Structure formats: structure tokens, C-alpha cells
Amino acid sequence: GVKDAAEGVGNGVKDAVDVLDCNHGFYVDLEVYVIRQYFQQILDYANANYIGLLTDNRYSFVLSEEGRRARDHFGLDINVYDQLTGSERSVKSLSGGETFIAALAIALSLSEVVQNTSKGAVVEALFIDEGFGSLDKEALTKAIAVLEQIGENRMVGVISHVDDMKEGIAQQLAIIKSHDGSSRIKIVDKG
């Protein structure tokens, strides 16, 4: 027990020293190394809680191997593993709707990881500005379900002009435009 734990810590420290000390043929400074460890936690959380749910378990996030080795990318490039093709590819190859879903999964995971770290900030509200117009009806339904789930513990605000969003959200602040160019706020409660 104790010996194994000590060896585990020792191996982790050795790995960190190897990375920071150029023992693998590349160099990463300490700040980037620490950020990458947090980033990996965020991706792990997104994989465990959001991206599978939002994509019918098609995608999972991985840190790009190329990004880990190239100094100019700082080891923070994201790829997705595509279960359909059995291969890894850049998030840059995702469609507009898939990109929005990926960004949503990472943003939600970031808020959870920040909140769950010791002395982490309490995230009481999340606001998401648009992007829903790029989703098909099925993806939009899943996104709304995830946001409702998050909304059980905190306030989630969505800024959107998409009609299906307007139908799916119970409490709304609608901005009504007048003919003279002014606007007013109307409270809508479908609950």
C-alpha cells in the first residue's frame, strides 16, 4: 500500500521531470505542463458526462499527440476519437453543429472542474450565446436536455433566436422590437 503509493508518486514526479527536462526530445515549461494537466481533467469530465450523451457515443476527446510534442502548439490541441470510423481526427474537421456540441461539452465541463477543485469558484450561472442554429432537431433536443439537467443545480441562460429553443425553454425574457426601433422585455413563463 504505502510503498506502492510512494512509487506511484515517485513515478509521477519522474515523468514530470522528464517532460520538463527535455528527456523526450521536446520541452514544455512548467506553467504549460500544469495547464495541460487541468485541461486533461476537463476533457476527461467532458468524456464521462457530456460528449457521449450529445453525440450518441460517437465522439470522445483526446489531446493531440502532435500538439503534445510541438512547442508551438503547447500541447493543448484537441482531437476527437470517432467511434464510427475507429480513428482520431482534429476537432477542426467537425461540422458546424458538431463543433458547437464539442464546445458546449467542454464549456460545461470547465465550469464543473473549476467548481469541483478545492477552493474553486462557485459557478452559479452559465450563459450560452447562440450556436444553436447550427444544430439539427435531434442534436438540439439533446442539447436542451443537457442544459435542463445542468439547470437543476444552477441558472442557465441561453441567448437564441431559434424557434425550437423558444418552444423548449419554459422561462424566457423575450425582447420585443417596436416599429419605432425601440424594444421592450416581455416575461414568458410556460411552466
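Observations on the model:
- Selected residue (only one of Ser64, Ser109 is under 30 Å from Leu135 (Cα atoms), touching a helix residue (DSSP H, G or I) at 6+ places or on another chain (Cβ under 8 Å), at pLDDT below 90 and buried (at least 17 other Cβ atoms within 10 Å of the Cβ)): Ser64
- Set Val146, Val114: member being aliphatic (A, V, I, L, M) and either over 23 Å from Asn57 (Cβ atoms) or assigned to a loop (DSSP other than H, G, I, E, B) (or both): Val114
- Single unsatisfied condition, Val162 versus (1) open to solvent by 40 Å² or more (accessible area, probe 1.4 Å); (2) more than 16 Å from the chain's Cα centre (by Cα); (3) among the β-branched types (Val, Ile, Thr): (1)
- Test for Leu126: is it in contact with a Ser or Thr (Cβ under 9 Å, 6 or more places away or on another chain), surrounded by 11 or more Cβ atoms within 10 Å (Cβ to Cβ) and of a type outside the set (Lys, Arg): yes
- Picking from residues in the range 134-159 that are touching a Gly at 6+ places or on another chain (Cβ under 7 Å) and not aliphatic (A, V, I, L, M), the one that is least open to solvent (accessible area, probe 1.4 Å) is Ser134.
- Filter pass, Gly75 being modelled with pLDDT under 50 and surrounded by 10 or more Cβ atoms within 10 Å (Cβ to Cβ): no
- Residues in the range 84-101 that are surrounded by 12 or more Cβ atoms within 10 Å (Cβ to Cβ) and part of a helix (DSSP H, G or I): Val91, Gly97, Glu98, Thr99, Phe100, Ile101.
- Among the candidates Leu104, Leu53, residue that is open to solvent by less than 80 Å² (accessible area, probe 1.4 Å), modelled with pLDDT of 90 or more and outside any strand (DSSP E or B): Leu104
The values are calculated or read from the model by the stated rules, or taken from the named source; none is laboratory data. Note that the structure is predicted; figures quoted are calculated from it, not measured. Neighbour counts are summed over all protein chains in view; Cβ atoms, including those assigned to glycine, are modelled from backbone coordinates with ideal geometry. For accessibility, only protein heavy atoms count, side chains too; no ligands or nucleic acids. Shrake-Rupley method; radii C 1.70, N 1.55, O 1.52, S 1.80 Å.
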